[in-house]
Ligand code: AMP
Ligand code: MG
């Protein structure tokens, strides 16, 4: 048996990053940028009002209170999207809506809440003194020309896409989204709709692994159930290798098996047939198919398949996508009950649910159900994997590390690198700042 980290490191040392390409914003959620993005135009592009109200000369409102208000003549009305046509002169005001450009002459906005109108709305009664700059959002106040929006290596979230669009780009340069082939193997597997004969079971792994692939941000490609026939499996894997960036199979890699997938893979690729010191998911086949396409031969038991994907395939796929944060976070929490185990030289990963204790406010972990590697319902009920190193386990009330399957990425080490890059990036761009404000 080899340690978990040895297998993970070996995989990450082998798997390449995919090339970059330009992707439309609608397709770019979750992808990783390959270049620094800086503002080439000020955002917002012009000084504008942050509230609905009246554009005024602040000096005209001096001393205004509810008891002694100031009256100004309303000379125009400015909805958002309209360019001002007249300036605000002394004793004048322009009715203005949020987002409309600040008209010439005005140096403050009075909120509509601090005003009333008189006559045919051609006089505004102002009950609060304005100071210069009140409620005006300066041009470039969010990002000035040359300001860093975000550096290469950023994972595009919804707000990033909004920022990219506000910078005037309809597409963004990112690492390509991997296409990942998913195939189940085993003669016992029967698709839904067909009756089960003795010895046959349904295929749980394929929909689960396709969803895990999708959840990791990749495109999942269904390669069906590979029946135990050398020619069929060879042809499918060749097609997968030529049309996809990675391949995930389940079944047929355990000790003692002499499944067809083993024979085919041994012939097609330089494979590692690992026994890893973990439970579940001890066996793993990993190698590179022709064309540099990584293949993950996961064990067939559904829980083992899921855990194996989490520990080996997901970090590798995230690396292919250019993510610097490739691992799920690990959080120390309180064991809600004894989590005993036997000494067997392996790291145990027990399926647990997390709950916040109402009195202490602390997170606790409790077993999510049966811990056998075929009990997928407990995997479904779980929030994470309790990491129980070789030994006797932990007692109720003691701390236990839980790998958080409910959270996408670890913030510990790699985000520090990203923060440093962000800092350098900001510095290198600060010289470009024009100081352009409205
Ligand atoms: P294997 O890894 O092929 O030795 O399979 C281990 C166990 O997992 C056996 O009980 C298989 O029937 C089961 N198994 C294999 N593939 C699947 C699958 N796609 N869905 C559900 N169970 C599976
Ligand atoms: Mg099998």
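The values are calculated or read from the model by the stated rules, or taken from the named source; none is laboratory data. Since the structure is predicted, the reported quantities are computational estimates derived from the model, not experimental observations. No Cβ is skipped: glycine too gets one built from the backbone with ideal geometry, and neighbour counts run over all protein chains shown.
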| request: Identify the single condition in (1) away from ligand 2 (no atom under 13 Å from the Cβ); (2) surrounded by 18 or more Cβ atoms within 10 Å (Cβ to Cβ); (3) modelled with pLDDT under 95 that residue 291 does not satisfy, given that it satisfies every other one. | output: (2)
| Within the bounds of the stretch 269-278, is there any residue that is closer than 24 Å to residue 403 by Cβ, within 16 Å of ligand 2 (Cβ to nearest atom), surrounded by fewer than 23 Cβ atoms within 10 Å (Cβ to Cβ) and in contact (Cβ under 8 Å) with a residue 24 or more places away in the chain? | no
| Does the stretch 220-267 hold any residues that are free of Cβ contacts under 8 Å to residues at least 40 places away in the same chain and in contact with a strand residue (DSSP E or B) (Cβ under 7 Å, 6 or more places away or on another chain), and which are they? | 232, 255, 265
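Tally up the residues in the stretch 164-195 that are surrounded by 14 or more Cβ atoms within 10 Å (Cβ to Cβ) and either away from ligand 1 (no atom under 12 Å from the Cβ) or assigned to a helix (DSSP H, G or I) (or both), please. Spell out the reasoning first.
Here is the first cut: in the stretch 164-195, the residues surrounded by 14 or more Cβ atoms within 10 Å (Cβ to Cβ) are 164, 166-167, 169, 171-190.
From what is left, the residues that are either away from ligand 1 (no atom under 12 Å from the Cβ) or assigned to a helix (DSSP H, G or I) (or both) are 164, 166-167, 169, 171-181.
Residues flagged as surrounded by 14 or more Cβ atoms within 10 Å (Cβ to Cβ) and either away from ligand 1 (no atom under 12 Å from the Cβ) or assigned to a helix (DSSP H, G or I) (or both) within the stretch 164-195 amount to 15.
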| said: Being within 12 Å of ligand 1 (Cβ to nearest atom) and modelled with pLDDT of 95 or more: is that true of residue 303 here? | reply: yes
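Give me the residue from the stretch 225-247 that is in a strand (DSSP E or B) and within 16 Å of ligand 2 (Cβ to nearest atom) and, out of that set, surrounded by the fewest Cβ atoms within 10 Å (Cβ to Cβ). Working first, answer last.
Just the residues of the stretch 225-247 that are in a strand (DSSP E or B), to begin with: 225-226, 246-247.
Now drop any that are not within 16 Å of ligand 2 (Cβ to nearest atom), which leaves 225-226.
Working: 225: 19, 226: 27.
Top of the filtered list is 225.
Looking at the stretch 37-57, can you tell me whether even one residue there is out of contact with any helix residue (DSSP H, G or I) (no Cβ under 7 Å at 6 or more places or on another chain), under 30 Å from residue 177 (Cα atoms) and surrounded by fewer than 19 Cβ atoms within 10 Å (Cβ to Cβ)? Steps first, answer last, please.
Filtering the stretch 37-57 for residues out of contact with any helix residue (DSSP H, G or I) (no Cβ under 7 Å at 6 or more places or on another chain) gives 39-42, 44-51, 54-57.
Adding the requirement that they be under 30 Å from residue 177 (Cα atoms) leaves 39-41.
Narrowing the set further to residues that are surrounded by fewer than 19 Cβ atoms within 10 Å (Cβ to Cβ) leaves 40-41.
For the stretch 37-57, residues out of contact with any helix residue (DSSP H, G or I) (no Cβ under 7 Å at 6 or more places or on another chain), under 30 Å from residue 177 (Cα atoms) and surrounded by fewer than 19 Cβ atoms within 10 Å (Cβ to Cβ): present.
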| Quick one: what pairs do we get from the stretch 199-211, first residue farther than 16 Å from residue 313 by Cα and without any contact (Cβ under 8 Å) to a residue 12 or more places away in the chain, second in a loop (DSSP other than H, G, I, E, B) and near ligand 1 (Cβ under 7 Å from one of its atoms), C-beta under 8 Å, 6+ apart or different chains? | 199/188
| remark: When the stretch 108-133 is checked residue by residue, the ones that are surrounded by 18 or more Cβ atoms within 10 Å (Cβ to Cβ) and farther than 15 Å from residue 69 by Cα are 108, 109
| task | Tell me which residues, restricted to the stretch 65-106, are out of contact with any strand residue (DSSP E or B) (no Cβ under 9 Å at 6 or more places or on another chain) and in contact (Cβ under 8 Å) with a residue 24 or more places away in the chain. | result | 65, 66, 90
| query | Looking at residue 186, is it touching a strand residue (DSSP E or B) at 6+ places or on another chain (Cβ under 7 Å), within 12 Å of ligand 2 (Cβ to nearest atom) and at positive phi? | reply | no
| How many residues, within the stretch 248-257, are at pLDDT below 95 and more than 10 Å from ligand 2 (Cβ to nearest atom)? | 2
| message | Suppose the filter is within 15 Å of ligand 1 (Cβ to nearest atom), without any contact (Cβ under 8 Å) to a residue 40 or more places away in the chain and under 30 Å from residue 391 (Cβ atoms); does residue 281 pass it? | response | no
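Confirm whether residue 217 is at pLDDT 95 or above, assigned to a strand (DSSP E or B) and under 30 Å from the mean Cα position of the chain (by Cα).
Working: at pLDDT 95 or above: yes; assigned to a strand (DSSP E or B): no; under 30 Å from the mean Cα position of the chain (by Cα): yes.
Considered against the rule, which asks whether it is at pLDDT 95 or above, assigned to a strand (DSSP E or B) and under 30 Å from the mean Cα position of the chain (by Cα), residue 217 comes out as no.
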| task | Would you mind finding the one in 414, 359 that is modelled with pLDDT under 95, out of contact with any strand residue (DSSP E or B) (no Cβ under 6 Å at 6 or more places or on another chain) and surrounded by 14 or more Cβ atoms within 10 Å (Cβ to Cβ)? | result | 414
| message | Given the condition surrounded by 15 or more Cβ atoms within 10 Å (Cβ to Cβ), within 16 Å of ligand 1 (Cβ to nearest atom) and closer than 21 Å to residue 27 by Cβ, answer yes or no: does some residue in the stretch 196-209 qualify? | response | no
| request: Would you check if residue 217 is at positive phi and without any contact (Cβ under 8 Å) to a residue 12 or more places away in the chain? | output: no
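Here's the yes/no breakdown for (1) modelled with pLDDT of 95 or more; (2) touching a strand residue (DSSP E or B) at 6+ places or on another chain (Cβ under 9 Å); (3) within 28 Å of residue 243 (Cα to Cα); (4) within 16 Å of ligand 2 (Cβ to nearest atom):
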position	(1), (2), (3), (4)
299	yes, yes, yes, yes
307	yes, yes, yes, no
314	yes, no, yes, no
323	yes, yes, yes, no
335	yes, yes, no, no
352	yes, yes, no, no
355	yes, yes, no, no
| field | Criterion: more than 27 Å from residue 30 (Cα to Cα) and away from ligand 1 (no atom under 16 Å from the Cβ) - qualifying residue of 219, 235 | value | 235
